[in-house]
Amino acid sequence: MPYPLDAAAVRTWCGLALEALGRERERIDAINVYPVADGDTGTNLYLTLESAARAVDAAFDGHGSAGTQPDLADAVGAMAHGALIGARGNSGTILAQLLRGMAQVLADAPTGGSGAADALRRALRRAATAAYEAVAHPVEGTVLTVATAAADAAEQSAGEAAEVARAAHRGAAEALRATPGQLAVLERAGVVDAGGCGLVALLGALADALSGEASAGPVAVRAGRPVPEAAGCAVTVPGADGCADPHADGPAFEVIYLLEAGDADVARLRDRLDRLGDSLVVVGGDGLFNVHVHVDDAGAAVEAGIEAGRPYRIRITHFGAGPRAKEPALAPRAVVAVVPGAGLAALCADAGATPVTVRPGEPPASGELVQAIRQAHAREVMLLPNDPELRHTAAVAAEQARAEGVRVALIPTRSAVQGLAALAVHEPGRSFDEDMVAMTAAAGATRYAELVVAEHQSWTMAGVCQAGDVLGLIDGDVVVIGPDLARTATTVLDRMLSAGGELVTLVLGADVPESLAEVLERHVRERHLAVDTVVYEGGAHAAPLLIGVE
């Protein structure tokens, strides 16, 4: 029997879609040739939807008493927001916009009857329209075409919500089969559009969630059910070998970040990024956006985001030189580093590391770290969590990557400054074990401190602090409570250097005055002879001040 279009249905939809994409991930990765033949569309869709599902679960967990559930608006809003903040790659970013478009309509939808069916029709149309609006240069024969076909089929269905969803699924599958005839790169490779394949899986899961019946076709088949040969992702063009087009040349880097900015600033950012590269997709709204672009100058793309607002969770992926292939050549060894702030991300990227940028209160999931390890395209990876709270998450990610054949060393860095020290001695020419020992030793020899502003009255190891006080933490413990940043920082420096040291590293947050660096450099020079100082910009979401002493 059909189920109501309510929060429980959204939660079920997420679970079924995640299950379907989990089964189809490798198949979708294998047919990924557009816009880049990098073999990760299925993985990106899965990780995006995983973030959406976590957000929906959190909405249920935070709702209160047992036996109750959030309303439909809260559930679809959580799903869309989770997809937005967790969107990966070109395909995941478009998926986030599709879900956002649906959420904008379903937030006010009734849960049953003709009202729910009509709302679902309008939601699917809004999703397709929103996706087209998000892409700088829409191309037919892609997920955009499949989304439009789904909306067309839904509008022609006169049934209830479950029947509308089933019609949308069928319409999307039919459009997917036709994509090779619309896009030459697909026809040459002998495959259907990978992003569209993922959307068919998503719509099949929606139909299942509302009807309670399993969909036909490999993109939504239940375990043990037969898989039709000519449905969904199984479609190929006869006589083609499924290989990537040897002429899919283009920009060298994929750049993705979340951005806090106003609409006018984002409009200017779109124009600037469109001139810098291609495959530009910007999704979101209400002050939070997910930006995706392919460029040759990754630094310029990040700088454009900094000028527009506050970028974070910055991910930069190098596609590799020459013609792109499904299996990029693996580097001998790489470094993946978790860092707070765009400045540190750029610093790590310049040093050859793959940065995973986060902001306070939003730690990365293990899946995000696994994806960063995959994107490093290396046989061996040094993983720098740079936060004691991430040790378990990083360990889980390392184990999963090892199961995929990557040799991973988890370097026990507890702060970004320890990560910088470890990165400074990284030497790919050494043996894996020697490099791991050297990086671990460099991190362990670096004492670290962090200065933050207290948000409320609290008891600390150094006494009671008031809201607005500056707290100086050394190796994770509060040791100084001061009235301002400069005086507290000099006290912390003196304590750290009392045991000796040769190099002081200062990482300044975005809102810290430039004069602070001059004050601290002068203090070290006058009070601690033969100690050098280096200063880096941490960028938005970094702590006001990080200190490292080696």
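The values are calculated or read from the model by the stated rules, or taken from the named source; none is laboratory data. As the structure is a computational prediction, the values presented were derived from the model and not from experiment. Using ideal geometry, Cβ is built from the backbone for each residue, glycine included, and neighbour counts are taken over all protein chains shown. We work out accessible area using only protein heavy atoms, side chains counted, and drop any ligands, DNA or RNA first. Shrake-Rupley method; radii C 1.70, N 1.55, O 1.52, S 1.80 Å.
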* Asked: Listed residues S458, S515, S498; which is under 28 Å from P311 (Cβ atoms) and hydroxyl-bearing (S, T, Y)?
  -> S515
* Only one residue in G468, G472, G463, G538 is open to solvent by less than 30 Å² (accessible area, probe 1.4 Å) and at positive phi, so which one is that? -> G463
* Of the residues that make up the stretch 429-436, is at least one in contact with a strand residue (DSSP E or B) (Cβ under 7 Å, 6 or more places away or on another chain), basic (K, R) and either surrounded by 13 or more Cβ atoms within 10 Å (Cβ to Cβ) or in contact (Cβ under 8 Å) with a residue 60 or more places away in the chain (or both)? -> no
* **Residues located in the stretch 19-44, provided they are outside any helix (DSSP H, G or I) and either at negative phi or buried (at least 24 other Cβ atoms within 10 Å of the Cβ) (or both)** => I31, N32, V33, Y34, P35, V36, A37, D38, D40
* Asked: Any chance the stretch 2-18 includes a residue that's modelled with pLDDT of 90 or more, in contact with a Gly (Cβ under 7 Å, 6 or more places away or on another chain) and assigned to a helix (DSSP H, G or I)?
  -> no
* **L47 out of contact with any Ser or Thr (no Cβ under 8 Å at 6 or more places or on another chain), open to solvent by 30 Å² or more (accessible area, probe 1.4 Å) and within 21 Å of I85 (Cα to Cα)** => no
* Residues in the stretch 393-418 that are among the small types (G, A, S) and touching a helix residue (DSSP H, G or I) at 6+ places or on another chain (Cβ under 7 Å): how many? -> 5
* **Only one of G141, G115 that is out of contact with any strand residue (DSSP E or B) (no Cβ under 8 Å at 6 or more places or on another chain) and closer than 20 Å to V281 by Cβ** => G141
* Starting from residues that are touching a Gly at 6+ places or on another chain (Cβ under 6 Å) and not β-branched (V, I, T), keep the ones in the stretch 294-312 and report whichever is surrounded by the most Cβ atoms within 10 Å (Cβ to Cβ). => P311
* To do: Pick out the one residue from L546, L497, L493, L506 that is in contact with a His (Cβ under 6 Å, 6 or more places away or on another chain), touching a residue at least 40 places away in the same chain (Cβ under 8 Å) and buried (at least 16 other Cβ atoms within 10 Å of the Cβ).
  => L497
